[in-house]
Number of protein chains: 2
Amino acid sequence: MILTVTLNAALDLTHRLDRLRPGASNRVTAVAERAGGKGVNVARVLHGLGHPTVTTGLVGGRSGQALRLDLAEAGIADELVPITGETRRTVAIVDEQAGATTILLEPGPVVTATEWACFLTRFDGLLAGVSAVVLSGSLPRGLPADSYSQLIRLARAHGVPAVLDTEGEPLLAALPEHPDLVKPNVDELASSTGESDPITAAARLRTAGARAVVASLGPDGLLALTDRGAWRARPPAPVRGNPTGAGDAAVAALTLGLVNREPWPTRLTEAVALSAAAVAAPLAGSFDPQMYARLLTRVRVEALTDMAEGENPCP
Amino acid sequence: MILTVTLNAALDLTHRLDRLRPGASNRVTAVAERAGGKGVNVARVLHGLGHPTVTTGLVGGRSGQALRLDLAEAGIADELVPITGETRRTVAIVDEQAGATTILLEPGPVVTATEWACFLTRFDGLLAGVSAVVLSGSLPRGLPADSYSQLIRLARAHGVPAVLDTEGEPLLAALPEHPDLVKPNVDELASSTGESDPITAAARLRTAGARAVVASLGPDGLLALTDRGAWRARPPAPVRGNPTGAGDAAVAALTLGLVNREPWPTRLTEAVALSAAAVAAPLAGSFDPQMYARLLTRVRVEALTDMAEGENPCP
């Protein structure tokens, strides 16, 4: 059983239309509404792979209610903790003619200290019998920057490995607790470290405490710095589609690899294949299973020189 | 008790942001979610005036559930009939810097013949003890063009006057049933009759069966053609704000005037004042009560020559 955590869950709306005309009335041709947020996407991918999953986090208001209904319909075990604030919505407006997507991000709830204390109690109770915990996404307003540190500490007390997918202050504050894996994308890696070279930046995160760093480089695949070596893993060709949720699919595969103690090249192969198969599916949290199976034999994994493995990446 | 009917109800979302950048991620600064659709707006205005009101129509899915929750919070009696389709959402994206609003209109549900039959039964049951019925807005897919005709016929069988606010085929098909009042806006009047002159167009609707026609002319106020005479009613000055729902406020006032058998100039004065007070309020269905009271003494009502009152407006 893998436990995924989404502290800033979202209800994702997608509106498709022929052509978005700003300032005018636009007829929407298709609508989708889905439980979202990175941890929810990870849970959905794990569930799609047939792996037992439970998801927790904070939800409130009508959007929170709609999110829970959607999780129930998807058959994903729901251990979300209610809050009084209103779960944020994201609205994706897909302009079919322009091939462009306009995204609206609601501000989301403010979480109280009492609500956070209730969440910690629930989280602690869920850790028994869990094989790994995945902590994903931004923190809602009101939570301290060291929230993920607190969760990793609780997980360690239960002997449960922690995978962390966030950026900026919440990422940096959590590194001293030695998360087993952090997975920034290339932009988050640069903005969190102030370092533009991905290998140098990833090495910094390891120096600061992360046991392994896997950075997603978009269509260029993954870069991994671990205590067993460093690798680049690339898909055979770029995949067209919706990149939202591709990183979450990579996290799902990497977490399964961690739980199953697979060799790193295997984990990275699965992560690149699943990530590309997620791009090919229209909605975040979904993946194309045929493409996943086909890509598993075609991902190229290349070991990097040992300079990247040490504490200091410079020769 | 006034009964309002919204066959194509909506859940209205409003997203405010500093500047809408199409094709990019936009942070929303404020969010509102409200039960909507023209008949719901009319009910909200009547409720705001302290008049007993009950609202019916068709609702389904999660948006329908959210709509009903909002009605309950507003204290508006809910006799909505459930359908399996999903109630449409409207999304208004308010660009504060540009002062422009982009609107997304979801397609809305398809109503089955069985659902329509269930609605007719409920509507018939609600008519006992009702002083007037207000029929507002477009028809959802699946309903016949003569749906409003059927409702007006049922209302007449109970001796209940009917006010109709729709356009195009559903309006034209209902005129032979002699609705007591129809209230198109100037664009709907032109598109429904193919006649650009409002007086000529309104006279056509009377010839086709409407007992009275009140056309809303936006900031220019109202034009009324009735069996007691014809009038123009104008606000003292244009009001800045949100024109959505201004027509619904006019319908609320005109229906109260009908129920109270007020003289037409009084009805029109109240309708223009309430409509302008609705423009001054940020959300459809709301109005500024101070402005309403102030404008009641300042609306100018002018009788038109009797040429407009006959069946043929041409001399």
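Taking only the range A:144-180 into account, find how many residues are touching an Asp or Glu at 6+ places or on another chain (Cβ under 9 Å), crowded, with 22+ Cβ neighbours inside 10 Å and outside any helix (DSSP H, G or I).
Adding up the residues that qualify gives 5.
Looking only at the range B:72-87, how many residues end up being in a loop (DSSP other than H, G, I, E, B), of a type in the set (Gly, Ala, Ser) and within 14 Å of chain A (Cβ to nearest Cβ)?
1
Go over the candidates A:THR90, A:THR121, A:THR114, A:THR101 one by one and state the one that is free of Cβ contacts under 8 Å to residues at least 12 places away in the same chain and assigned to a strand (DSSP E or B).
Every option except A:THR101 fails the conditions.
Which residue pairs have Cβ atoms under 6 Å apart, sit 6 or more places apart or on different chains, and have a first residue in the range A:47-71 that is away from chain B (no Cβ under 14 Å) and a second that is assigned to a strand (DSSP E or B) and surrounded by fewer than 20 Cβ atoms within 10 Å (Cβ to Cβ)?
That search, which allows pairs on different chains as well, returns A:VAL54/A:ALA77; A:LEU58/A:VAL81.
Of B:ALA212, B:ALA208, B:ALA253, which residue is surrounded by fewer than 20 Cβ atoms within 10 Å (Cβ to Cβ) and aliphatic (A, V, I, L, M)?
Of the residues listed, the single one that is surrounded by fewer than 20 Cβ atoms within 10 Å (Cβ to Cβ) and aliphatic (A, V, I, L, M) is B:ALA208.
Answer yes if at least one residue in the range A:5-15 is assigned to a loop (DSSP other than H, G, I, E, B) and more than 14 Å from chain B (Cβ to nearest Cβ), and no otherwise.
Checked against the condition, which is being assigned to a loop (DSSP other than H, G, I, E, B) and more than 14 Å from chain B (Cβ to nearest Cβ), the range A:5-15 yields at least one hit.
Give me a count of the residues in the range B:102-113 that are more than 8 Å from every other protein chain (Cβ to nearest Cβ), surrounded by fewer than 18 Cβ atoms within 10 Å (Cβ to Cβ) and not hydroxyl-bearing (Ser, Thr, Tyr).
2
If you go through the range A:19-38, how many residues are farther than 30 Å from A:LEU135 by Cβ and either more than 12 Å from chain B (Cβ to nearest Cβ) or part of a strand (DSSP E or B) (or both)?
5
Confirm whether A:GLY99 is more than 20 Å from A:VAL40 (Cα to Cα) and either within 14 Å of another protein chain (Cβ to nearest Cβ) or crowded, with 20+ Cβ neighbours inside 10 Å (or both).
Judged against the criteria, A:GLY99 is a match.
Scan A:ALA210, A:ALA237, A:ALA190, A:ALA201 and give me the residue that is small (Gly, Ala, Ser) and touching a strand residue (DSSP E or B) at 6+ places or on another chain (Cβ under 6 Å).
A:ALA210
Taking the conditions exactly as written (without any contact (Cβ under 8 Å) to a residue 60 or more places away in the chain, hydrophobic (A, V, I, L, M, F, W, C) and part of a loop (DSSP other than H, G, I, E, B)), does A:ALA210 satisfy them or not?
yes
Quick check on the range A:228-246: of everything there that is assigned to a loop (DSSP other than H, G, I, E, B) and basic (Lys, Arg), which residue is nearest to A:LEU258 (Cα to Cα)?
Taking the candidates together, the pick is A:ARG228.
Evaluate the range A:79-86: report whether one residue or more is more than 17 Å from the chain's Cα centre (by Cα), modelled with pLDDT of 95 or more and closer than 27 Å to B:VAL110 by Cβ.
Within the range A:79-86, none of the residues are more than 17 Å from the chain's Cα centre (by Cα), modelled with pLDDT of 95 or more and closer than 27 Å to B:VAL110 by Cβ.
Please tell me if B:ALA271 is farther than 27 Å from B:ARG16 by Cα and in a helix (DSSP H, G or I).
Here the answer is yes, as B:ALA271 does meet what is asked.
Of the residues B:LEU225, B:LEU205, B:LEU254, only one is assigned to a strand (DSSP E or B) and modelled with pLDDT of 95 or more; which?
Sole residue among the options that is assigned to a strand (DSSP E or B) and modelled with pLDDT of 95 or more: B:LEU225.
Mind checking whether some residue in the range A:229-240 is within 26 Å of A:SER149 (Cα to Cα) and either at pLDDT below 95 or surrounded by fewer than 17 Cβ atoms within 10 Å (Cβ to Cβ) (or both)?
yes
Take the residues of the range A:256-266 that are without any contact (Cβ under 8 Å) to a residue 24 or more places away in the chain and either β-branched (Val, Ile, Thr) or in contact with a helix residue (DSSP H, G or I) (Cβ under 7 Å, 6 or more places away or on another chain) (or both): which is surrounded by the most Cβ atoms within 10 Å (Cβ to Cβ)?
A:GLY257
Taking the range A:44-71 only, how many residues are under 28 Å from A:ALA113 (Cβ atoms), out of contact with any Leu (no Cβ under 8 Å at 6 or more places or on another chain) and either in a loop (DSSP other than H, G, I, E, B) or small (Gly, Ala, Ser) (or both)?
2
How do the pairs read when you match residues in the range B:124-140 that are touching a residue at least 12 places away in the same chain (Cβ under 8 Å) and on the phi > 0 side of the Ramachandran plot with residues anywhere that are in a loop (DSSP other than H, G, I, E, B) and of a type outside the set (A, V, I, L, M), using Cβ under 7 Å and keeping only pairs 6 or more apart or on different chains?
Filtered contacts from the range B:124-140: B:GLY137/B:ASN8; B:GLY137/B:GLY37; B:GLY137/B:THR166.
The values are calculated or read from the model by the stated rules, or taken from the named source; none is laboratory data. Keep in mind that this is a model prediction, so the values were computed, not measured. Positions of Cβ are backbone-derived with ideal geometry, glycine not excepted, and every protein chain shown enters the neighbour counts.
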